[in-house]
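Undergrad: Sending over a structure as structure tokens; questions will come in a sec.
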Amino acid sequence: MPSIAGGLFSAGRGISWLRLRRLQRPLLSSLSAGGGSDAPHLPVVIVGAGPVGLALSFLLAKFGIKCTVLERSMEFTRHPRAHFINNRTMEIFRKFDGLAGDIERAQPPVDLWRKFIYCTSLSGSILGSVDHMKQEDFDKVVSPISVAHFSQYKLVDLLLKKLDGVGFQTCFPDELGGSSAQDLLLENKILMGHECSSIELTDDGILVGASFNNGGRMQERKLHCGLLLGADGARSKVRELAGISMKGERDLQQLVSVHFVSRDLGKYLSSERPGMLFFIFNPDAIGVLVAHDLEHGEFVLQVPFYPPQQMFEDFSAKVCEQIIVKLVGWEPADIQVLDIKPWAMHAEVAEKYVGCDNRVILVGDAAHRFPPAGGFGMNTGVQDAHNLAWKLCLLLNGIADPSIIQTYESERKPVATFNTELSLENFKAAMSIPATLGLDPTIANSE
């Protein structure tokens, strides 16, 4: 039996969507556009234009729900970040106007990323390897589509193209004018450089304050909406403003994420030991190398550091290049460090996903923060968005009772709790390897 969400996307299956809309008037008229001077102009405001926020925007647009997206940055990051897309997320992306096929065609060849390799250096002894692709994956026994290896920024580019196809526009502060821009003019737009700075619960929605830089002067734009969806990442401002706390283990590890390119290294690994993840352990350096694209030599190196012995400021581009050479085992001539970012690893889930009288809903990393071991973060977030979108569609069109919002939390929070526990278990297993080899991570990576 097809799912409700699948049926809403498909013509000719069961009761048509147009007929569903005629069953009754919307139960929550205050969540719809128009409806009087005090009614919100925007049914939905989404905070955060990462993969989860963009996926949620696309799904709502396909369901005919008007929304506006607030993104605090002025540009989309080119730091690769997430890269592994699991079966279920790829299944969801099949509904995104061919997105799954676009990813499959654009990703690197599978033989270049199917293995995880444990080694003393990229040119040294191999301690072990894991082939995470099984024959059943190729035969599509478990799922009609296989997993994918595709950098987050490339996924964002594709999602933006899909959103353009359904009428979304990306706008900047100087294109919108001052804070008096009408809410209705902001529908189906991604507002870059707008940070959610305040929320206020009103009788019929949420009054959202979005701060932005207008010609060197900070201003605040007010948007009145029925629902505020926080997809603004691990340090969610929406979660903070809604007073929702996180529960779990904090600050498991401090890391530096080094984005760099080296075609020499990519060419070497492609021919000698292709893989997706390289777990590297030696007395001089310890790190995890993510090979985002061996053909183009694009990598991200994750390096742990231990305050107060080491601080993020110690990791200059030169120091990072030296660590890369220690982990490679020889010196590629063309190493170019593009970006260096600090981040802290947590294993936490929000105490609740829905707050402020069911007007604020958390999605993705705003609701859960996992260790990266297992690649659950972005995948769980996209699956959150898929679960939530069709429920909001039924709610906003008066087909479902407002209690349907609570089923989002009751269905998705246990998944996040399970994924938190599994990723934490994977992380602890990985942390046991240096001790087994007689290595001290607090000494490695120091000059």
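The values are calculated or read from the model by the stated rules, or taken from the named source; none is laboratory data. Please read these numbers as outputs of a predicted model, since none were measured by experiment. Positions of Cβ are backbone-derived with ideal geometry, glycine not excepted, and every protein chain shown enters the neighbour counts.
Undergrad: Please go through region 116-128 and give me each residue that is surrounded by 15 or more Cβ atoms within 10 Å (Cβ to Cβ) and outside any loop (DSSP other than H, G, I, E, B), ordered by number.
TA: Of everything in region 116-128, those that are surrounded by 15 or more Cβ atoms within 10 Å (Cβ to Cβ) and outside any loop (DSSP other than H, G, I, E, B) turn out to be Phe116, Ile117, Tyr118, Cys119, Leu127.
Undergrad: Further question on the same structure: Could you list all residues from region 403-419 that are under 15 Å from Tyr353 (Cα atoms) and touching a helix residue (DSSP H, G or I) at 6+ places or on another chain (Cβ under 9 Å)?
TA: Ile404, Ile405, Thr407, Tyr408, Glu411, Arg412, Val415, Ala416
Undergrad: In addition: Find the residue count for region 224-262, including only residues that are surrounded by fewer than 17 Cβ atoms within 10 Å (Cβ to Cβ) and of a type in the set (D, E, K, R).
TA: 6
Undergrad: Inspect all residues belonging to region 230-240 and state whether any of them is touching a Leu at 6+ places or on another chain (Cβ under 9 Å), assigned to a strand (DSSP E or B) and assigned by TED's automatic domain parsing to the domain that holds Tyr408.
TA: Yes.
Undergrad: Considering only region 90-106, I want to know if a residue exists there that is touching a His at 6+ places or on another chain (Cβ under 7 Å), assigned to a loop (DSSP other than H, G, I, E, B) and outside the structural domain of Val256 (by TED's automatic domain parsing).
TA: No, because not a single residue in region 90-106 is touching a His at 6+ places or on another chain (Cβ under 7 Å), assigned to a loop (DSSP other than H, G, I, E, B) and outside the structural domain of Val256 (by TED's automatic domain parsing).
Undergrad: Where residues in region 384-418 are in contact with a Lys or Arg (Cβ under 7 Å, 6 or more places away or on another chain) and buried (at least 22 other Cβ atoms within 10 Å of the Cβ), which of them is nearest to Ile92 (Cα to Cα)?
TA: This residue is Asp384.
Undergrad: I've got another one for you. What single numbered condition from (1) over 29 Å from Ser432 (Cα atoms); (2) surrounded by 21 or more Cβ atoms within 10 Å (Cβ to Cβ); (3) over 20 Å from the mean Cα position of the chain (by Cα) fails to hold for Ile103?
TA: (3)
Undergrad: Still on this structure, please answer the following. Filter region 278-303 for residues that are modelled with pLDDT of 95 or more and among the charged types (D, E, K, R); which is surrounded by the fewest Cβ atoms within 10 Å (Cβ to Cβ)?
TA: For region 278-303, the residue satisfying everything is Glu295.
Undergrad: Now for a separate question. When Leu160 is evaluated against the numbered criteria (1) part of a loop (DSSP other than H, G, I, E, B); (2) modelled with pLDDT of 95 or more, which criterion, by number, is the only one it fails?
TA: Of everything listed in (1) part of a loop (DSSP other than H, G, I, E, B); (2) modelled with pLDDT of 95 or more, Leu160 misses just condition (1).
Undergrad: Does Gln336 meet the test of being touching a Phe, Trp or Tyr at 6+ places or on another chain (Cβ under 7 Å), in contact (Cβ under 8 Å) with a residue 40 or more places away in the chain and surrounded by fewer than 16 Cβ atoms within 10 Å (Cβ to Cβ)?
TA: yes
Undergrad: Report, by residue number, each residue of region 94-111 that is in contact (Cβ under 8 Å) with a residue 60 or more places away in the chain and touching a helix residue (DSSP H, G or I) at 6+ places or on another chain (Cβ under 6 Å).
TA: Once the filter is applied, which keeps residues that are in contact (Cβ under 8 Å) with a residue 60 or more places away in the chain and touching a helix residue (DSSP H, G or I) at 6+ places or on another chain (Cβ under 6 Å), region 94-111 yields Lys95, Phe96, Asp97, Leu99.
Undergrad: Report whether or not Glu331 is without any contact (Cβ under 8 Å) to a residue 60 or more places away in the chain, touching a helix residue (DSSP H, G or I) at 6+ places or on another chain (Cβ under 9 Å), assigned to a helix (DSSP H, G or I) and of a type outside the set (A, V, I, L, M, F, W, C).
TA: So Glu331 fails the test.
Undergrad: Test of understanding: among Ile405, Ile399, Ile340, Ile433, which residue is closer than 22 Å to Gly205 by Cα, outside any loop (DSSP other than H, G, I, E, B) and aliphatic (A, V, I, L, M)?
TA: Within the list Ile405, Ile399, Ile340, Ile433, the selection yields Ile405.
Undergrad: So is Trp330 within 26 Å of the chain's Cα centre (by Cα) and farther than 28 Å from Thr202 by Cβ or not?
TA: Answer is no for this residue.
Undergrad: On the phi < 0 side of the Ramachandran plot, touching a helix residue (DSSP H, G or I) at 6+ places or on another chain (Cβ under 9 Å) and among the aromatic types (Phe, Trp, Tyr) - does that describe any residue in region 364-373?
TA: Yes, region 364-373 contains at least one residue that is on the phi < 0 side of the Ramachandran plot, touching a helix residue (DSSP H, G or I) at 6+ places or on another chain (Cβ under 9 Å) and among the aromatic types (Phe, Trp, Tyr).
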